[in-house]
Amino acid sequence: MPSKASTKSKGKDKPQPQPSLTASCINMGPPFAGQGAYPYPLSTGWAQFPYPDGRVVPCPGFWGYGKHYGTTGGIVAQLGAEPGTGAAGCTLYAGYQYNFQATVAGDHIFVLTMNLGPVTRRPRYGRVQVAGILQIMGPGGHWADFYDDLPSNTGLTLAITPRLQAGGFYTLKFGVAPIVENAGYQSYGEAILNSSDLKQYLPYGAQAGQLAPARSAKSSDLLTSLLKSGNEQEAQPISLEEASGLGVGYTS
């Protein structure tokens, strides 16, 4: 553990108090609904993507299904090739999004803990990958951490350390992404995220966030394209009232 800093006194000067590490931690969620940690107008609140929940057509020849549980940070994301779809690839990125204005400049740390349920892969001679993603973009750059192929029924941590600019508006996003490369036999992938926890560590408390280091991994072309797509995902705000009515659990 890092040693506690001290300040030497000169003459009658007293040592200056050190900032509390606990005060530097902001709980971003759950819940992942409503206004969130930053009050209006610093934030427009939590949103979900894709929206609305239910069956979607993410790519020609593919079907998808997404479901969010904003009170816990749960997600269900299913992606499969339709009968007759040939050699083609598709990604369904389902998750939560938060737009906010940074109030403190410097290196922040965002730590996401995922509590995973079943993760299903049915490649059927194709290829199926199920990724977990945490990213932020805005003035100064685009930072991302991801787990390229999620395991079932376990917990894992993602972390990013962006250098934020005070007054800058940033988009923070996280979620799961089944990635299917079909070979003509209805390849299918599914991710169930039971719950999630997201914390932000301000610069003077950065040491606390270093307990959960980021994991890097090699990405597929489809995942790389998704990470580089920026802020193109459509998202809709969700209130605490709406989130509380969704309950918990999942639909397969």
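Overview of results
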read-out	value
FRET efficiency estimate (nearest 0.05) - Cβ-Cβ, Leu42 to Tyr125, R0 35 angstrom	0.10
Linear extension gain, His142 paired with Arg55, 0.36 nm per residue minus alpha-carbon span	28.3 nm
Peptides 86-98, 173-185, 28-40 ordered by average Cβ neighbours within 10 Å, highest first	173-185, 86-98, 28-40
Global geometry of the range 114-153, whether rounded, prolate or oblate, following the gyration tensor of its Cα atoms and the 1.5 cut on a/c	oblate
For the range 43-190, the Rg and Dmax computed from alpha carbons only, in angstrom	16.6, 53
Distance between modelled label sites at Gln35 and Ser239, nm, 7 Å Cα→Cβ extension	1.4
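Throughout, read-outs are computed from the coordinates displayed, never taken from laboratory work. Predicted, not measured: the structure shown is a model, and the values here were computed from it. Using ideal geometry, Cβ is built from the backbone for each residue, glycine included, and neighbour counts are taken over all protein chains shown.
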